[in-house]
Amino acid sequence: MALTMTYTPQRPSRSESLALRHLKVHVTRWGAQTSDAPPLVLVHGWMDVGASYQFVVDAFSQAFAARRMIIAPDWRGFGSTALPTPCDHYALADYLGDLDALLEHYAPDARQVDLVGHSMGGNIAMQYAGVRPARIRRLVNLEGFSMPATRPSQAPHRLAQWLDELKELRQGTIAMKPYASLDEVATRLMKNNRRLSPAKAAWLASQWARPTADGRWQVMGDAAHKVVNPHLFRVEEMLALYAAITAPVLAVEASDDSLAKWSKDPKWSDSPFTLAEYHARLKHVPDCRIAVVQDAGHMLHHDQPQAVAGLIEGFLSE
C-alpha cells in the first residue's frame, strides 16, 4: 500500500545532540529557547522515539507552547541515541542516570522541571521522581503501569532465560525485523494501532526507522532491548519510590485497558496484573489523581493528542 500523504507538523522541531554519560544523546526540541517557566521534559516508551510526542506538542495551545522549553530525548538504544560500542542488554538504572544528566544540562542548579512519561518512560519518570523528588514540579504518567509482581522462586528461571536470550542475540535469533520500504513500516504501525491514520503513520515511520545499506528499512531500536531483564521486579521497592514522590502526579490511562490485554499474553507475565492493582499502588503516591482518555489505546498520545495535550496543559497550569 503506497501512502501518498503524510502528517505536517504544526510546530516544527529542532534536533540537538548532547554528550552525556559517554553517549551522544539525541534530543527533539520545541517551543522557547529559554524561558522562566519550568522546562517540559517528555520521555518516550519502549521502541519509540522522542519525536513521537509531535502530535501532542501540536495540540498544545499557542500561549502554553510559546512560553515553554519543551524537550524530548531519545533514550539510550532508541532512535538516534546509540551506545559508543555494542551491548547485549540494558539496565533500568542507566535510564535514571541519563535523565539526571539531561536535567543537569537543561535545568542547571537543581531547577525544577515538569516531567511527562509514556509507558516505559512513565515508569522511569515515577521512579526518578521518588529518587529526586525536589527536581520534579509536576509529573504526568501516561500508561506507565510498572510491572507485575514477581516471586523469589522465579529467579532461577529468569536468570536462565536471560542467559539463553543472550545466546540467541549473539546468534541473530533475536533481531530487529527489516522492512522492504517506509510504507511497510507505516503499515506495521497501523496494524499495531487501529486508530492511527495513514498520514500520521507515514510521518511516524520516517521518525521511527532508518534505511539500511541494502535498501531496506529498520526500526531505530537496539535488538538487545528484547532480551529479558535478569532482575525480578520488586513491588516493595517501587512502592517505596512512589511514597517518596513529593510532586503532584496525574496518572493518565486509555479507555482500552492495556493491562487487561497484556495479562492474557503468557509471554508478558505469568502473574495477573490489573488496573485495580495498579490503582492500589498509586495510593502510595502522596498526591495523585487519575484521568482516563476515551477512545484510546496504549499509544494514547497518538490516538487522542488533543485530549492528552489538554490534560497535560491543564494539570501543569494549575
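Every read-out reported here was derived from the displayed coordinates using simple, explicitly stated rules and does not represent laboratory data. What you are looking at is a predicted structure, and each value in this text was computed from that prediction instead of being measured. Using ideal geometry, Cβ is built from the backbone for each residue, glycine included, and neighbour counts are taken over all protein chains shown.
Could you list the trypsin sites (Lys or Arg not before Pro) in the range 192-224 that lie in coil according to DSSP, counting only those with at most 12 other Cβ atoms within 10 Å of their Cβ? It would help to have the intermediate numbers written out before the result.
Values: sites: ARG194, ARG195, LYS200, ARG216; in loops: ARG194, ARG195, ARG216.
Loop-located and lightly packed - ARG194.
Modelling each spin label as a point 7 Å along the Cα-to-Cβ direction, I'd like the LEU163/CYS87 distance in nm, to one decimal.
Roughly 2.2 nm, to one decimal.
Hey, quick one: spin label on LYS24, modelled 7 Å out along Cα-Cβ, who in the range 198-216 has an amide N within reach, i.e. under 19 Å?
207-213
What does the C-alpha gyration tensor say about the overall shape of the range 144-223? Classify as rounded when a/c is under 1.5, otherwise prolate if a/b is larger than b/c, or oblate. Walk me through the numbers before you get to the answer.
Values: a/c = 3.84, a/b = 1.63, b/c = 2.36.
Because a/c hits 1.5 or more and a/b fails to exceed b/c, the range 144-223 counts as oblate.
Taking square-rooted eigenvalues a ≥ b ≥ c of the alpha carbon gyration tensor, is the range 1-84 rounded, prolate or oblate, where a/c under 1.5 means rounded and, failing that, a/b exceeding b/c means prolate?
Working: a/c = 2.25, a/b = 1.07, b/c = 2.10.
Since a/c reaches 1.5 but b/c is at least a/b, the shape of the range 1-84 is classed as oblate.
Name the residue farthest towards the positive end of the dipole of the chain from the options TYR7, ALA101, ALA51, assuming +1 on Cβ of Lys and Arg, -1 on Cβ of Asp and Glu, about the Cα centre.
Going by the Cα projections, it comes out as TYR7.
Sequence neighbours fewer than 8 away in the same chain don't count; with that in mind, list the lysines whose C-alpha is under 18 Å from LYS226.
Candidates past the 8-residue exclusion: LYS167, LYS177, LYS267.
Under the rule of -39500 (n - 2.57) per DSSP H run of 4 or more residues, summed and divided by the residues of the chain, what mean residue ellipticity at 222 nm is obtained, to the nearest 500 deg cm²/dmol? Intermediate results must be reported in sequence, preceding the final value.
Values: 12 runs with 117 residues, N = 318.
For the chain, the value works out to -10500 deg cm²/dmol.
For the chain, modelled as a Gaussian network with Cα springs under 10 Å, which listed residue fluctuates most, TRP262, TRP75, TRP203?
Among TRP262, TRP75, TRP203, the largest GNM mean-square fluctuation belongs to TRP262.
Which of the three applies to the range 1-147, rounded, prolate or oblate, going by the alpha-carbon gyration tensor with a ≥ b ≥ c and a/c under 1.5 meaning rounded?
Numbers: a/c = 1.45, a/b = 1.08, b/c = 1.34.
Taking the square roots of the gyration eigenvalues as a ≥ b ≥ c, the range 1-147 is rounded.
Given the peptides 94-105, 118-129, arrange them by the average over their residues of other C-beta atoms within 10 Å, most packed first.
On the way: 94-105: 17.8, 118-129: 25.2.
Ranking the peptides 94-105, 118-129 by packing returns 118-129, 94-105.
Note down the net charge around PRO305, summing +1 for each Lys or Arg and -1 for each Asp or Glu among other residues with Cβ under 10 Å from its Cβ.
Working: positive: LYS200; negative: ASP58, ASP303.
Every neighbour counted, the sum reads -1.
Among ALA243, ALA307, ALA160, which one shows the biggest mean-square fluctuation in a GNM of the chain, springs joining Cα atoms closer than 10 Å?
Greatest mean-square fluctuation among the candidates belongs to ALA160.
Nearest 20 debye, what's the magnitude of the dipole of the chain about its Cα centre given +1 on Lys and Arg Cβ and -1 on Asp and Glu Cβ?
Taking the Cα centre of the chain as origin, the dipole is about 220 debye.
Given the options VAL308, HIS89, LEU204, identify the residue whose Cα lies farthest towards the positive end of the charge dipole of the chain (+1 on Cβ of Lys, Arg; -1 on Cβ of Asp, Glu).
About the Cα centre, the residue reaching furthest to the positive side is LEU204.
Contour minus end-to-end for ALA155 and THR8, with contour as 0.36 nm per residue of separation and end-to-end as the Cα-Cα distance? Spell out each step's value before the answer.
Details: separation 147, 0.36 × 147 = 52.92 nm, distance 4.80 nm.
Computed gain between ALA155 and THR8 is 48.1 nm.
Grab the eigenvalues of the alpha-carbon gyration tensor for the range 206-280, scale each by 5, take roots, and send me the semi-axes largest first in whole angstrom. Numbers along the way, then the final one.
Working: eigenvalues 203, 61, 52 Å².
Values for the range 206-280, descending: 32, 17, 16 Å.
For the chain, what D do you get in µm² per second when you plug the Kirkwood radius from alpha-carbon pairs into Stokes-Einstein at 37 °C and 0.692 mPa s? Intermediate results must be reported in sequence, preceding the final value.
Working: Rh = 20.3 Å.
Calculated translational D: 162 µm²/s.
Please report, in debye to the nearest 20, how large the charge dipole of the range 179-220 is about its Cα centre when each Lys and Arg carries +1 at its beta carbon and each Asp and Glu carries -1 there.
Values: 7 positive and 3 negative charges, 52 e Å.
That gives the range 179-220 a dipole magnitude of about 260 debye.
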